[in-house]
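Notes follow the structure.
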Amino acid sequence: MSATKPLLAVEDLRVEFPTRVGLVRAVRGVSFTLGREKLGIVGESGSGKSQTGRAILRLVAPPGRLTAKRLEFDGVDLLAADDRAMRGIRGDRIAMVLQDPKFSLNPVMTVGKQIAEAYRAHAKAGRAGAKERALEMLRAVRMRDPERVYRAYPHELSGGMGQRAMIAMMLATEPDLLIADEPTSALDVTVQMQVLAILDDLVTERGMGLIFISHDLNLVASFCDRVLVMYAGRVVEQLRASELGQAKHPYTRGLLAALPRIDRPVKDLPVLRRDPQWAEEGA
């Protein structure tokens, strides 16, 4: 990352949820900066990856509690911003692509109407202009027949098409930061590569920042610029993506060792070792 001011600065981010059995600390003191680059966040399910992404947009539902020493986006203090200011930022300057389009797209609205509606919520555009923008974005995410997809309902699309429709909706306003939460986990390899190529082009051509949340270490190592490794709500290691194979933390080494290798088959994969101390402050 260059020496210029970061696009996003996060310091000591914490997300907690009170429950009947005690306080659940989902995110524990996460700190990082992001430029106009591709930052991967990896870890097991429950490590706090998605909660970190949602917390950046202040999407922590009560009774959950979000705190941070600093949560700043392009000079804007997100902690101090009121609800109106946050509504202007969400979907406009910071967008988030969720994991499964089946649960994110409205099943009783056509895909085109949803993209156009999201665009009109943030841009001064009429119906005709919003429709043209929606078709433009469907073409940008390489839909084969954008007119047909525009008129289609979500259940008429394949998983890969639904995911690309979600990306089109989130990118219609040309955000400065895109948070992509497992955007390729349910896709076959060919479609996965197409989606990654789209995201890569957007970062390169538009100068967008990207937070890519995933459990696929090999994918993150080949696609991202830097990686944060999370365990039990904490960042246990930060390193360049190209150096992920030389990670030092025992948790990261364990994740890598648990990956099957076609070129180096073994009878049994090692069991991932976890140490409760890794989740403690200062560990």
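The values are calculated or read from the model by the stated rules, or taken from the named source; none is laboratory data. Model, not experiment: these values are computed from the prediction. For neighbour counting, all protein chains shown are included, and Cβ atoms are generated from backbone atoms with ideal geometry for every residue, glycine included.
For residues in segment 86-112 being free of Cβ contacts under 8 Å to residues at least 60 places away in the same chain and small (Gly, Ala, Ser), which is farthest from Gly159 (Cα to Cα)?
Gly88
Identify the single condition in (1) small (Gly, Ala, Ser); (2) assigned by TED's automatic domain parsing to the domain that holds Phe212; (3) in contact (Cβ under 8 Å) with a residue 12 or more places away in the chain; (4) farther than 29 Å from Met86 by Cβ that Ala197 does not satisfy, given that it satisfies every other one.
The number of the failed condition is (3).
When the residues of segment 29-40 are filtered to those that are over 9 Å from Leu13 (Cβ atoms) and touching a Gly at 6+ places or on another chain (Cβ under 9 Å), which remaining residue is modelled with the lowest pLDDT?
The qualifying residue modelled with the lowest pLDDT is Arg36.
Yes or no: Ala81 crowded, with 16+ Cβ neighbours inside 10 Å and without any contact (Cβ under 8 Å) to a residue 40 or more places away in the chain?
Spelling it out, Ala81 is indeed crowded, with 16+ Cβ neighbours inside 10 Å and without any contact (Cβ under 8 Å) to a residue 40 or more places away in the chain.
Do we find that Arg84 is over 17 Å from the mean Cα position of the chain (by Cα), of a type in the set (Lys, Arg) and farther than 29 Å from Thr252 by Cβ in this structure?
Considered against the rule, which asks whether it is over 17 Å from the mean Cα position of the chain (by Cα), of a type in the set (Lys, Arg) and farther than 29 Å from Thr252 by Cβ, Arg84 comes out as yes.
Return the residue satisfying two criteria in turn: it lies in segment 121-134 and is at pLDDT 90 or above and within 24 Å of the chain's Cα centre (by Cα), and of such residues it is surrounded by the fewest Cβ atoms within 10 Å (Cβ to Cβ).
Per the stated criteria, the residue is Arg133.
Suppose we filter Gly22, Gly35, Gly43, Gly29 for residues that are in the same structural domain as Tyr251 (by TED's automatic domain parsing) and buried (at least 21 other Cβ atoms within 10 Å of the Cβ); which single one remains?
Unique residue meeting the criteria: Gly43.
Applying the selection to segment 44-60, what residues are of a type outside the set (Ser, Thr, Tyr), farther than 21 Å from Asp82 by Cα and under 13 Å from the mean Cα position of the chain (by Cα)?
Across segment 44-60, the qualifying residues are Gly48, Lys49.
Working only within segment 202-250, note down all residues that are surrounded by fewer than 22 Cβ atoms within 10 Å (Cβ to Cβ), of a type outside the set (Gly, Ala, Ser) and assigned to a helix (DSSP H, G or I).
Hits for segment 202-250 are Leu202, Val203, Thr204, Glu205, Arg206, Asn218, Leu219, Phe223, Glu243, Gln246, Pro250.
For segment 253-267, give me each residue that is assigned to a helix (DSSP H, G or I) and out of contact with any helix residue (DSSP H, G or I) (no Cβ under 8 Å at 6 or more places or on another chain).
Of everything in segment 253-267, those that are assigned to a helix (DSSP H, G or I) and out of contact with any helix residue (DSSP H, G or I) (no Cβ under 8 Å at 6 or more places or on another chain) turn out to be Arg253, Gly254, Ala257.
Please work out if Gly160 is farther than 18 Å from Gly91 by Cβ, surrounded by fewer than 20 Cβ atoms within 10 Å (Cβ to Cβ) and either without any contact (Cβ under 8 Å) to a residue 12 or more places away in the chain or among the small types (Gly, Ala, Ser) (or both).
Answer is yes for this residue.
Just wondering, is there one or more residues in segment 220-228 that are at pLDDT 90 or above and basic (Lys, Arg)?
Within segment 220-228, one or more residues are at pLDDT 90 or above and basic (Lys, Arg).
Which of the residues spanning segment 117-167 are assigned to a loop (DSSP other than H, G, I, E, B) and more than 18 Å from Gln194 (Cα to Cα)?
Ala121, His122, Ala123, Lys124, Ala125, Gly126, Ala152, Tyr153
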